[in-house]
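The values are calculated or read from the model by the stated rules, or taken from the named source; none is laboratory data. All of these numbers come straight from a predicted model, not from anything done at the bench. As a convention, Cβ positions derive from the backbone with ideal geometry for all residues, glycine included, and neighbour counts pool all protein chains shown. Note: areas computed on protein heavy atoms with side chains; ligands, DNA, RNA excluded. Shrake-Rupley method; radii C 1.70, N 1.55, O 1.52, S 1.80 Å.
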Amino acid sequence: MLSLLQVLVIFATNKQVMQKNISLKNYNTFGIDVKADWLAKIESEEQLLTIIDDLPDMPKLILGGGSNVLFLQDFKGIVLHNEIKGISTIDEDDKYIRLYVKGGENWHDLVMWTVNNNYGGIENLALIPGKTGTAPIQNIGAYGVEIKDVVTKVHTIDMQNGTPKTFDNKACEFGYRQSVFKKPENKGKYFINAIEIKLQKKGYRLNTKYGAIQQVLIEKKIDIPTIKDVAEAVMQIRRSKLPDPKQTGNAGSFFKNPFIKRSQLNYLQQYYPDIPFYPTQDTHIFKIPAGWLIDQAGWKGKRFGNVGVHPAQALVLVNYGGAKGIEIKNLAERITEDIFQKFGIYLHPEVNYI
Ligand code: FAD
Ligand code: EPU
């Protein structure tokens, strides 16, 4: 292991933007106050390669917007805060445009940039926090669209040896809140430095199948919506349900929605005739909203000291201020156990424990 002095010399030499012994409170949307030994702002691929070369043995954590992590302890190593920016056009024709977007770009800003240019494809993903480079990891999704629908390539840098590797859409192995990058064996293995997305310019069919979107459009008396109308409807719905992390610490949905077999659904329907369910490509498997299960089990709006279950969306766990990561993890575990006891369904966290 390198001494503190050696690390300081490395960074003085490489002119990295470095901070030592820093609180991560403002770097995670749960607002958990843990410390990192070091935090480096990564503004270019070259900076990242220097760190990989110079500090091969130091534990490293890649961090985007911190909107899908729960810190359980201080991080003994170096946090690499992805700030690699840039949006450029690869090619375009009458119908399509392909963009090369660096991973440190804010996702929502990218969505609004495409909306304002009238490029269709990611407007339903407005207001999802975090960075563009993180978006493929759990295949972000909302209101009938997932990023897998537009991603053509994901560019990465191997964290062990600095070699570049590109994954095409198939190689990303996208699924519901899942990709090759989320597999346990790949955790921390690849730094996503850029993605390529293909958006539509002409003949674009908006995705308004979600009832809530339709309802907003009707309320606003919009018969023929534009890309911008859909983005605005999505933002309105999200603001009404999800807490703003600037006000109340949270990481969006804490759990993934579970999948169950038809036989289990039929069994549960005897006791809960109103249980909501969504069909999947497999006619025997159904997705159940975890928020409904948690709500039904009586957890919604419950507060336990610094932590609680959001009053408007039971899938969102919140830090009311000053919570430790372990308090949120403990609450999540109590909920998981209760849901298993009541429904025989096991909930898996969507949030990454660090
Ligand atoms: P971080 O929390 O910084 O990182 C998440 C994980 O990815 C960590 O393990 C980290 O080490 C790793 N990582 C980060 N960047 C990289 C990189 N460049 N290369 C390799 N690994 C990396 N998600 C949805 O899918 N749909 C939603 O509708 C949605 N709504 C949300 C609403 C709110 C209010 C909040 C707070 C969160 C919501 N999320 C949603 C979850 C979250 O915004 C997404 O998962 C987002 O993509 C996380 O991005 P981030 O940059 O903040 O990731
Ligand atoms: N519901 C309740 N009570 C609640 C919450 C939900 O009964 O407190 C029921 C309602 O019946 C509702 C259904 O659950 O119709 C689904 O709720 P909602 O439309 O809010 O969606 P969700 O399944 O809870 C998912 C994603 C969100 C995404 C929305 C919109 C997951 C884990 N979550 O939430 O993603 O924004 O759909 O598409 O898939 C995230 O991943 O962080 C996230 C916020």
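Take Asn250 and tell me if it is closer than 25 Å to Gly65 by Cα, open to solvent by less than 70 Å² (accessible area, probe 1.4 Å), within 11 Å of ligand 2 (Cβ to nearest atom) and in a loop (DSSP other than H, G, I, E, B).
no
Annotation for region 132-148: at least one member residue is among the charged types (D, E, K, R) and open to solvent by 60 Å² or more (accessible area, probe 1.4 Å). Checked against the criteria, Gly321 counts as over 30 Å from Ser179 (Cβ atoms) and surrounded by fewer than 16 Cβ atoms within 10 Å (Cβ to Cβ). Here Thr152, Thr156 are screened, and the one residue that is open to solvent by less than 30 Å² (accessible area, probe 1.4 Å), more than 16 Å from ligand 2 (Cβ to nearest atom) and not assigned by TED's automatic domain parsing to the domain that holds Gly66 is Thr156. Identify, please: which residue in region 64-74 is buried (at least 21 other Cβ atoms within 10 Å of the Cβ) and not β-branched (Val, Ile, Thr) and is, among those, farthest from ligand 2 (Cβ to nearest atom)? Taking the candidates together, the pick is Phe71.
Summed over region 253-274, the residues that are surrounded by fewer than 19 Cβ atoms within 10 Å (Cβ to Cβ) and of a type in the set (Gly, Ala, Ser) give a count of 1.
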